[in-house]
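Beneath this line is the structure, given in structure tokens, with notes to follow.
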Amino acid sequence: MPQNIITADKLTKVYKGIAVVDNVSFDIPEGAICGLIGRNGAGKTTLLRLLTGLALPTSGTYSICNGLARTDSSVAAIVERPMLFDSMSAADNLILQSRVLGLDSDVNYIASTLELVGLDIKNKLKVKKYSLGMRQRLAIAVCLLGKPRLLLLDEPINGLDPQGINDMRRLLQQLNSQMGVTIVISSHILSELDKLATHYLIMDKGRVVQSLTAQQMAGYNRTYLRLVVENADNAVQVLLSNGYKDVVAAGKTIVKVYDDIPSTQVLLCLAQNGVAVKSVNTEGGGLEDVYLNMIGGNR
Amino acid sequence: MISVISSLLYRLFRSVYFYVCLAIAVFAPLLQAGTIKLLLIFAQSLPGAETVALAADPLTLLVAETNVTSTMATLVVIAVGLLIGSDFSQGLVRNAIIANKKRTEIYGAYMISMVTLILIYCTAGMLSASVLYISILGNIYEYSAGYYIGSAFAFYGLQLLSMTLIGTMTVFLCVGFKRVSTPLILGLLIVNVGLPLILAGSQLTVIFGTGQYEALTWIPIFNLSMLTSTMDGALMAKCVVGLLIPIAALAVGMPFYFKKTDIR
């Protein structure tokens, strides 16, 4: 059984009387890719800031890499935005970080690290001229310099084009599968997390709502009947009054029926009660629906 | 700490700003000496020329470089703010913190790098000022060039201390403000407006003609250039202690502040 690389116990951060991270406890096993999900203001970035030491907890504790085993290069992170020196080139940024980590500034190693993220050491362009995608890649390269055991990434694919997102995903998968790097990644692009994550932490209003594996998440991912009607609220009332239990209105004209009942029966019930159905099809929940249901946002 | 210092110095010596400020440190005395020379030439044609000449004594001018209201002090605010303090304002210290460096270690490394920067600028500035003031102004005075240069360097240590005070103050302001422009503006206001106002306020009796000038020997940052004629060992010691106290207060107090705050 893999040991936990991050353990948090009742971690709390209060800003001006508001608990931005509220009594959070969780474990992340080594070798996992953990998706950190939550709406804006849920506390994801603050949690990452706490785990990296950028913010000091109000109360609670956490440990990374089991404390004793941690070295200067064990943990790398990009939190909020890449921290790069704009007046210097990519190679110089890596040399600076290698010095901070106490590593030799070996040109060949720096070149290979840049190549890993699709950048060229021969490019002397200053970072201030870089596109967002290039900055993200360089920031990842800076993180990888010390061969970290743990990588914390705060929305690393925001602002990237589809190719960039694809490249980032492949890189992260490679780091995890070939180098054994544990990755914690927060993102709003749930479809991408769905392709990557082995574990999930779902946050809402500063608390961890759910901590579960990808397999457990899949168990919540139920199929449902999607009905287009004239008045969704009316249709929901009809179904509920006829014994259906798991029915929600998703908008003014959309009804979702999660009960495991044949579609013909549902249609018959509605027709007998004068509710016209414009279309019906079966859909899978997807990570978005599961997440919204967990935080009560699927109205 | 050594690794962070190594990184900081690597960046300093590859920064254009470092060399621009160094050039200013070297050439600013040229402008000052040149301006004074022109004024002397003009003044010598007027009655009271001897008084004007005495007021432009190179030693006094050189020691004026040690003041916290001098050109060097302004340069230190700008250089330290842009090259050292901006890392705190802009959050670039994050990389070191994420790399598990202790905050006191990081802060100590930045202070050492700041002192290194000040050492370089002050040495270059004092050497340049010595050469330029003597060569442009020195031929009208009774002492040899060697005397003036030697005396000036006697105050070199005081200059390092007073500039370290200015640098520490600048870093302190950068830790407290998010935009680097704010601490820079504040630092320049303190050096060029605030301190002269405090000095003027301390000498109101002289300004209004009701009393005599009294050197504030326990606040030597204002008075170094005015103490040249009366400087002795005891007074020098008071000046040194008077500078060390605020440096120690800022340099030692600030790590506690830095240790307890969240990083941007």
What's the number of the only condition in (1) closer than 27 Å to A:Gly53 by Cα; (2) out of contact with any strand residue (DSSP E or B) (no Cβ under 7 Å at 6 or more places or on another chain); (3) at pLDDT below 90; (4) not charged (D, E, K, R) that A:Ser87 fails to meet?
(2)
Of the residues A:Gly133, A:Gly180, which is within 30 Å of A:Thr7 (Cβ to Cβ) and under 19 Å from the mean Cα position of the chain (by Cα)?
A:Gly180
Looking at the range A:137-146, is at least one residue within 14 Å of chain B (Cβ to nearest Cβ), part of a loop (DSSP other than H, G, I, E, B) and crowded, with 18+ Cβ neighbours inside 10 Å?
yes
Cβ-Cβ under 9 Å, sequence separation 6+ or interchain: first residue in the range B:252-264 and away from chain A (no Cβ under 13 Å), partner of a type in the set (Gly, Ala, Ser). Which pairs?
B:Pro255/B:Gly108
Test of understanding: among A:Ser186, A:Ser241, which residue is farther than 30 Å from A:Asp154 by Cβ and of a type in the set (Ser, Thr, Tyr)?
A:Ser241
Within the range A:110-125, identify whether any single residue is outside any helix (DSSP H, G or I) and either within 11 Å of another protein chain (Cβ to nearest Cβ) or touching an Asp or Glu at 6+ places or on another chain (Cβ under 6 Å) (or both), and answer yes or no.
no
Pairing a residue in the range B:88-104 that is open to solvent by less than 20 Å² (accessible area, probe 1.4 Å) with any residue that is of a type in the set (Asp, Glu), where Cβ atoms lie under 6 Å and the two sit 6 or more apart in sequence or on different chains, gives B:Val93/B:Asp87; B:Ala99/A:Asp72
Spot the failing condition for A:Gln3; the list is (1) in contact (Cβ under 8 Å) with a residue 60 or more places away in the chain; (2) facing chain B (nearest Cβ under 9 Å); (3) open to solvent by 40 Å² or more (accessible area, probe 1.4 Å), and only one is missed.
(2)
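The values are calculated or read from the model by the stated rules, or taken from the named source; none is laboratory data. Treat the numbers as computed from the prediction; the structure is a model and nothing was measured. No Cβ is skipped: glycine too gets one built from the backbone with ideal geometry, and neighbour counts run over all protein chains shown. Heavy atoms of the whole protein, side chains included, go into the accessibility calculation; ligands, DNA and RNA do not. Shrake-Rupley method; radii C 1.70, N 1.55, O 1.52, S 1.80 Å.
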